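Asks: First, the structure itself, so that you have it in front of you.
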Amino acid sequence: MLFLLYMKKSNKQLHITFLGTGTSQGIPMIASKDPVCLSSNSKDKRLRSSILVSWNNKSFVIDCGPDFRQQMLRENVVLIHGVLFTHEHSDHTAGLDDLRPFCYKIGEMPIYVNKRTLKSLTQRFEYIFSKENKYPGAPSVATNLVNTNSFLVHDALVTPIEVMHGKLPITAYRIENFAYLTDVKFIADSEKEKLKNLEVLVINALRIEEHPTHFSLQETLSFVEELQPKKTYFTHISHKLGFHEEVSKVLPENVFLAYDGLKIKV
């Protein structure tokens, strides 16, 4: 209901930084001799997928994977105000402990997470979530459970969108007129309704061949054609998609491959 009431032109400008645009093993993949993994082009080198979103002098990340520390140092990020998690897989959560320097500044770090992902995090990072005998050096988090309802974060409307990562339901996010979807294989028509009239869509395009739990390039292109956002950027890319420069040349107008460090405004 909040989403429907809020469907008016927003004057907020979002600043997006692509912290990582790679799939779960990154590019180059360990021990791979694939030509893309051996590329000298910096745009073919991809850390695990995550973005930094800023508005009104507040900054949030969507997912913090195993490259989180490296990404924060590369972009000289001195403060974030929260983390939105899509799901529990390690390439999206393994950097949770590296929230510590930010917690030193603001205290408890707000995290936005669905119920199943929270259960996984509390098991894997018990020393962070424990109420008894909490390890004194651990980061402190303030949990905000995400369901299907839209919510406000520092005056920006955030709308959770359920997408299917194979058989696993995970959370994508629309923030104002920007949407970030990763690890998508299927999305119901009812959830597609939440993605109308987008300025910018960011979505996964794993590889050329079909995959059981991620969109292939053609599946992603068909999805973009259906939704018709003004601009689209592909992320969560594996080396099997091909060289950045070569793939970029064959994409439709206003459809782009994202790359690590890319900055856009919405």
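Asks: For Ile51, which of the numbered conditions (1) touching a residue at least 12 places away in the same chain (Cβ under 8 Å); (2) assigned to a loop (DSSP other than H, G, I, E, B); (3) aliphatic (A, V, I, L, M) fails to hold?
Replies: With respect to (1) touching a residue at least 12 places away in the same chain (Cβ under 8 Å); (2) assigned to a loop (DSSP other than H, G, I, E, B); (3) aliphatic (A, V, I, L, M), Ile51 is out only on (2).
Asks: Continuing with the same structure: Counting only residues that are surrounded by fewer than 13 Cβ atoms within 10 Å (Cβ to Cβ) and more than 20 Å from the chain's Cα centre (by Cα), which one in region 12-40 is nearest to Gly65 (Cα to Cα)?
Replies: Only one residue fits best here, namely Ile30.
Asks: Hey, does region 165-182 have a residue that's under 18 Å from the mean Cα position of the chain (by Cα) and in a helix (DSSP H, G or I)?
Replies: No, there is no match, as no residue in region 165-182 is under 18 Å from the mean Cα position of the chain (by Cα) and in a helix (DSSP H, G or I).
Asks: Is it the case that Ile170 is under 21 Å from Thr23 (Cα atoms), β-branched (Val, Ile, Thr) and in contact (Cβ under 8 Å) with a residue 60 or more places away in the chain?
Replies: yes
Asks: Please verify whether His87 is of a type outside the set (A, V, I, L, M, F, W, C) and buried (at least 23 other Cβ atoms within 10 Å of the Cβ), treating the condition exactly as stated.
Replies: No; evaluated as a whole, the condition is false for this residue.
Asks: Among (1) among the basic types (Lys, Arg); (2) touching a strand residue (DSSP E or B) at 6+ places or on another chain (Cβ under 9 Å); (3) at pLDDT below 95, there is one condition Lys134 misses while meeting the rest; what is its number?
Replies: Unmet for Lys134, out of (1) among the basic types (Lys, Arg); (2) touching a strand residue (DSSP E or B) at 6+ places or on another chain (Cβ under 9 Å); (3) at pLDDT below 95: (2).
Asks: Inspect region 141-153 for any residue being farther than 24 Å from Glu193 by Cβ, modelled with pLDDT under 95 and not in a strand (DSSP E or B) and give the result as yes or no.
Replies: no
Asks: Oh, and also: How many of the residues in region 215-258 are over 19 Å from the mean Cα position of the chain (by Cα), touching a residue at least 60 places away in the same chain (Cβ under 8 Å) and part of a loop (DSSP other than H, G, I, E, B)?
Replies: Result for region 215-258: 2.
Asks: In the set Thr117, Thr148, which member is buried (at least 19 other Cβ atoms within 10 Å of the Cβ), among the hydroxyl-bearing types (Ser, Thr, Tyr) and either within 24 Å of Phe223 (Cβ to Cβ) or free of Cβ contacts under 8 Å to residues at least 60 places away in the same chain (or both)?
Replies: None of the others qualify; the one that does is Thr117.
Asks: Now for a separate question. All but one of (1) under 29 Å from Phe234 (Cα atoms); (2) surrounded by fewer than 21 Cβ atoms within 10 Å (Cβ to Cβ); (3) touching a residue at least 12 places away in the same chain (Cβ under 8 Å) hold for Pro139, so report the exception by its number.
Replies: Single failed check for Pro139: (1).
Asks: If I filter region 190-214 down to residues being under 20 Å from Arg48 (Cβ atoms) and of a type in the set (S, T, N, Q), which single residue comes out as farthest from the chain's Cα centre (by Cα)?
Replies: Thr213
Asks: So in region 90-104, with the set limited to residues that are closer than 21 Å to Lys58 by Cβ and of a type outside the set (Gly, Ala, Ser), which one is surrounded by the fewest Cβ atoms within 10 Å (Cβ to Cβ)?
Replies: Ranking the qualifying residues of region 90-104, first place goes to Tyr104.
The values are calculated or read from the model by the stated rules, or taken from the named source; none is laboratory data. The shown structure was predicted, so the numbers you read here are calculated from the model rather than taken from an experiment. Glycine gets a Cβ as well: all are built from the backbone with ideal geometry, and neighbour counts include every protein chain shown.
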